[in-house]
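See structure below.
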Amino acid sequence: MANSAWSEKILQLLRRMNNFYLPGSCRSKCWRFEINEAQVGWIPPHVASLLTRYPEVFSPPHGGAVSLCGSLDSYEKKSEAVDAVLQSLRQESSLTCLKGWRDEKYSVMPKFSDPPLMWMERAATSLFGVKRYGVHVNGYTVSDSGEVNMWLARRSLTKQTYPGLLDNVAAGGLAAGIGVKNTLVKECEEEACIPAAIAEKARPVTNVSYTYEDEDGVFAESQFVFDLELPLEFKPRAGDGEVQEFYLLPIDKVKELLATDDFKPNCAMVVLDFLIRHSFIEPDTEPCYQEFVAGLHQTL
């Protein structure tokens with residue numbers, strides 16, 4: 001693929017993953033989701049109208065915001081009241097995201113460093129546009145001659161989202177009450193059979209953030225990215241059934257694959273960031289270098 005065509009494909013990926021910021025998105029029509037007067041998300045109009053059925057949980061939309069009722073004055077009360085609403089809304093055929101109910105609790109707070117205000121079912125977070133956090137691991141090797149290769153995973157065909165697409169060697173969402181490093185070690189062991197003694201050597205290197213909208217709502221996501229140099233003799237193995245196969249590929253091939261539809265989009269962003277940080281993409285030779293960097297680090 002010619003360099004200009006490759007660059008345009010990458011720009012299309014970044015626009016897609018940041019389309020909430022683009023003209024014509026639903027952003028101007030969304031209601032702020034507020035808890036204790038702090039914004040924690042964006043509620044699309046069709047969701048806000050459904051929430052008016054539950055006045056004991058959600059105050060009527062006012063001043064551009066939908067808030068939780070003041071009577072819900074504890075972490076537990078907020079979490080349980082919203083969960084009861086979501087259990088009811090699972091019957092709504094229009095809310096297709098709730099068909100992928102996972103029984104996974106995600107923390108809801110204004111910023112990652114803030115104490116959580118409540119938890120919410122993972123499958124419902126896009127209905128409220130709350131920030132979702134995850135951990136992604138770039139697994140790579142360096143040969144004796146200095147050649148870098150990257151391990152990629154092929155997602156299982158039974159995955160709820162993006163089945164069969166390429167993924168990072170290990171990745172997972174940050175569940176309520178579980179730290180970043182613990183999540184990294186857990187996902188490495190479960191998905192790729194990477195022992196904790198190796199996984200713990202992973203280095204935190206950056207944060208890839210983006211916000212996109214689709215028919216399921218608003219996805220405001222922030223991924224904690226780690227680089228993990230794996231021993232040359234080590235081979236990841238599928239552990240929990242979420243991966244069907246692993247590949248060790250040269251960087252040129254990885255770069256080529258980024259511009260195809262074979263990659264899970266946010267994983268492609270994480271790999272793109274790796275290529276930039278390790279100087280496989282440089283400003284003297286890539287005319288879209290600044291656009292790439294900006295597209296990987298959007299804040300809501």
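The values are calculated or read from the model by the stated rules, or taken from the named source; none is laboratory data. Since the structure is predicted, the reported quantities are computational estimates derived from the model, not experimental observations. Glycine gets a Cβ as well: all are built from the backbone with ideal geometry, and neighbour counts include every protein chain shown.
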Of all the residues that make up the stretch 142-172, how many are surrounded by 16 or more Cβ atoms within 10 Å (Cβ to Cβ), over 19 Å from Ile198 (Cβ atoms) and either at pLDDT below 95 or of a type in the set (S, T, N, Q) (or both)?
2
The listed residue being touching a residue at least 60 places away in the same chain (Cβ under 8 Å), closer than 22 Å to Ala123 by Cα and touching a helix residue (DSSP H, G or I) at 6+ places or on another chain (Cβ under 7 Å), out of Thr211, Thr206
Thr211
Kindly indicate the residue of the stretch 177-192 that is in contact (Cβ under 8 Å) with a residue 40 or more places away in the chain and buried (at least 16 other Cβ atoms within 10 Å of the Cβ) and also nearest to Arg132 (Cα to Cα) among those meeting that condition.
Thr183
Suppose we filter the stretch 249-288 for residues that are assigned to a loop (DSSP other than H, G, I, E, B) and basic (Lys, Arg); how many remain?
1
Pairs please, first residue from the stretch 141-157 and in a loop (DSSP other than H, G, I, E, B), second anywhere and not aliphatic (A, V, I, L, M), Cβ atoms under 7 Å, 6+ apart in sequence or on different chains.
Ser156/Pro163; Ser156/Gly241; Ser156/Glu242; Ser156/Gln244; Leu157/Pro163; Leu157/Gly164; Leu157/Gln244
Suppose the filter is under 22 Å from Ala176 (Cα atoms) and aromatic (Phe, Trp, Tyr); does Trp6 pass it?
no
Within the group Leu72, Leu95, Leu89, which residue is within 22 Å of the chain's Cα centre (by Cα) and more than 29 Å from Leu272 (Cα to Cα)?
Leu95
So Ala81 passes all but one of these: (1) farther than 30 Å from Ile281 by Cα; (2) under 22 Å from the mean Cα position of the chain (by Cα). Which condition number does it fail?
(2)
Of those in the stretch 218-233 that are touching a Ser or Thr at 6+ places or on another chain (Cβ under 8 Å) and not in a strand (DSSP E or B), the residue surrounded by the fewest Cβ atoms within 10 Å (Cβ to Cβ) is Pro231
For the stretch 40-52, which residues satisfy the criterion of being over 15 Å from Met120 (Cβ atoms) and in contact with a strand residue (DSSP E or B) (Cβ under 7 Å, 6 or more places away or on another chain)?
Pro44, Ala48
Reported set for the stretch 239-273 where residues are surrounded by 13 or more Cβ atoms within 10 Å (Cβ to Cβ) and touching an Asp or Glu at 6+ places or on another chain (Cβ under 7 Å) is Gly239, Glu242, Val243, Lys264, Asn266, Cys267
Could you tell me whether Ser79 is polar (S, T, N, Q), out of contact with any helix residue (DSSP H, G or I) (no Cβ under 6 Å at 6 or more places or on another chain) and outside the structural domain of Thr125 (by TED's automatic domain parsing)?
no
